[in-house]
Amino acid sequence: MAEAEPLRPIELQPQPKTVQELAAIDGKEVPERYIHKADNNGGRALDAPFPVLDVPTVDLQLLASSSSGGEELEKLRSALSSCGCIQAINHGITSAFLDTLQEVARQFFALPSEEKKKYSREIGSIEGYGNDMILSEHQILDWTDRLYLILSPEDKRMLKFWPENPESFRRILHEYSMKLPVILEVLLKAMARSLNLEENQFLQQYGDRATMQARFNFYPICPRPELVLGVKPHADGSVITLLLQDKEVKGLQVLKDDQWFNVPIVPQALLINVGDQLEIMTNGIFKSPLHRVLTNLEKERITLAVFCLPHPDQEIQPVEELINETNPRLYKKVKDYVSLFFQYYQQGRKPIEAALL
Ligand code: OGA
Ligand code: NI
């Protein structure tokens, strides 16, 4: 591939209605732009039964202690090399706090449209409340509304997009954002140790100018779950993603060995998945999983994803020690992966291919 100029996506006119507004219209009909044709989908209805993915549960307390935890490290390594995700428990955030966080998110999305639209995203930018960016006429749309907020560095926050209703929203989200760096550090160090690397290898590449971005996903009830996806298949452009799943409603699926699996809910766990940038750093040993979200006929679903992203100037590349004769280097050095990601995503290609040698 020729060296691509970083290019910000060019957004077409957004849909006039949020998905929540569409869902409030009575009837079985869903606009054409949300429908996935069966041939797009291996001929398989989206409401068919799917097997459940065995996502290993990993204890972060054990990972954090350098004396014990050998078994936990091995569990981590093996999970991230196969399905690309773990259920992280003992992460130091109380269940009462996670309940509160889920509750303020629920209260925000339950507000009248007019109130939520005070925080609307502006065309061409990602932050704020609203729909998918529409980048092409042919794009099939996701059955979800989002609230996208930069959490850190703090001076990059755009408070005008941070809800003031419910009243505690900002304080709770801020508090959550303060708890995440510790978790990230424990994880990145343990990931390095699990591959017999010096423990700061991934942290160093991640850098100290990195950003955390929060995406609240609201999936309204959908009258045609057999034809519509909450989020279409994608891998994350992050180093890692921390996902707080809905406590009751499933929907997330991961592709493993060319088959879609349901991701179970483990109450109070954070689902951690490898993003493309960590797959690059590990030279493909850790897998950035393709995942998607199904819709639900009966229940709304709310999740909160936090993407951990290096500064766009930061160079990301496979760690030297992981390259040898049997494992030749797969990926080149990349910078500003998120821009590459958008270009490829827009063309319906797998973004990580842009980083292949
Ligand atoms: C995402 C994502 C999954 C979910 O926001 O990138 O994959 O279950 N979300 O909401
Ligand atoms: Ni994702």
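The values are calculated or read from the model by the stated rules, or taken from the named source; none is laboratory data. Predicted model, so just to flag it, every value in this text is computed and none were measured. Every residue, glycine as well, gets a Cβ built from its backbone with ideal geometry; the counts of neighbours run over all protein chains shown. Each accessible area value is taken on the protein alone, full model and side chains, heavy atoms only, with ligands, DNA and RNA left out. Shrake-Rupley method; radii C 1.70, N 1.55, O 1.52, S 1.80 Å.
Sparsely packed loop sites in region 170-257 (the chymotrypsin sites (Phe, Trp or Tyr not before Pro) outside DSSP H, G, I, E and B with at most 16 other Cβ atoms within 10 Å) do not occur.
Go through 75/250; 17/116; 75/287 and tell me which ones have a Cα-Cα distance over 19 Å in this structure.
Details: 75/250 24 Å; 17/116 13 Å; 75/287 15 Å.
Beyond 19 Å between Cα atoms: 75/250.
Structural descriptor for the chain: relative contact order 22 percent, calculated from alpha carbon pairs under 8 angstrom and at least 6 residues apart. Other residues with beta-carbon under 12 Å from the beta-carbon of residue 318 carry, at +1 per Lys or Arg and -1 per Asp or Glu, a net charge of -1. What are the aspartates and glutamates whose alpha-carbon lies under 15 Å from the alpha-carbon of residue 117, with same-chain residues fewer than 8 places away excluded? Cross-link targets: 21, 127, 132, 145, 164. Rounded, prolate or oblate: which one fits region 211-262, using the alpha carbon gyration tensor with axes a ≥ b ≥ c (rounded when a/c is under 1.5, else prolate when a/b beats b/c, else oblate)? Oblate. Residue-wise HN-Hα couplings along region 321-336, as the Karplus relation 6.51 cos²θ - 1.76 cosθ + 1.60 with θ = phi - 60° gives them from phi, are 4, 8, 9, 7, 4, 7, 10, x, 4, 9, 10, 8, 6, 10, 9, 6 Hz; Gly and Pro carry x. Output the 0 to 90 degree angle, nearest 10, between the alpha-carbon long axis of helix 95-109 and the longest principal axis computed from the alpha carbons of the chain. That helix lies at roughly 40 degrees to the long axis. Taking the helices alone, the chain has a mean residue ellipticity at 222 nm of -7500 deg cm²/dmol, built from -39,500 (n - 2.57) per DSSP H run of at least 4 residues and averaged over all its residues.
At 1.4 Å probe size, with the rest of the protein present, what percent of the exposed accessible area of the chain is carbon and sulfur atoms? After summing per-atom areas, the C and S share lands at 51 percent.
Apply the a/c threshold of 1.5 to the C-alpha gyration tensor of the chain and tell me whether it is rounded, prolate or oblate.
Details: a/c = 1.44, a/b = 1.32, b/c = 1.10.
Rounded.
Taking the Cα centre of region 222-357 as origin, work out the dipole magnitude from +1 charges on Lys and Arg Cβ and -1 charges on Asp and Glu Cβ, in debye rounded to 20.
Numbers: 15 positive and 17 negative charges, 71 e Å.
With only Lys, Arg, Asp and Glu charged at Cβ, the dipole is about 340 debye.
Each of residue 349 and residue 138 was given a label point 7 Å from its Cα along the Cα-to-Cβ line. The distance between the two points is 1.4 nm.
For region 245-357, how big is the tail of P(r) above 26 Å, as a whole percent of Cα pairs? Roughly 31 percent, rounded to a whole number. Close amide H partners of residue 120, meaning residues 5 or more places away or on another chain with modelled amide H under 5 Å apart, are 129. Ranking 181, 120, 158 by Cα position along the charge dipole of the chain, where only Lys, Arg, Asp and Glu carry charges on their C-beta atoms, puts 120 farthest toward the positive end.
Before I look further, what does region 49-112 give for accessible area per residue, probe 1.4 Å, in whole square angstrom? Walk me through the numbers on the way to the answer.
On the way: 2840 Å² over 64 residues.
The answer is 44 Å² per residue.
Taking every C-alpha pair closer than 8 Å and separated by at least 6 residues, the mean separation divided by the residue count of region 122-169 gives a relative contact order of 32 percent. Residues whose amide H comes within less than 5 Å of that of residue 230, counting only those at least five positions distant or on another chain, are 143, 293, 294, 295 (H built at 1.01 Å from N in the peptide plane). The residues of region 147-292 expose, per residue, 36 Å² of accessible area to a 1.4 Å probe.
Around residue 80, what is the net charge, scoring Lys/Arg as +1 and Asp/Glu as -1 over all other residues with Cβ under 10 Å from its Cβ? Working shown, then result.
Working: positive: 75, 77, 287; negative: 279.
Around residue 80, the surrounding residues sum to +2.
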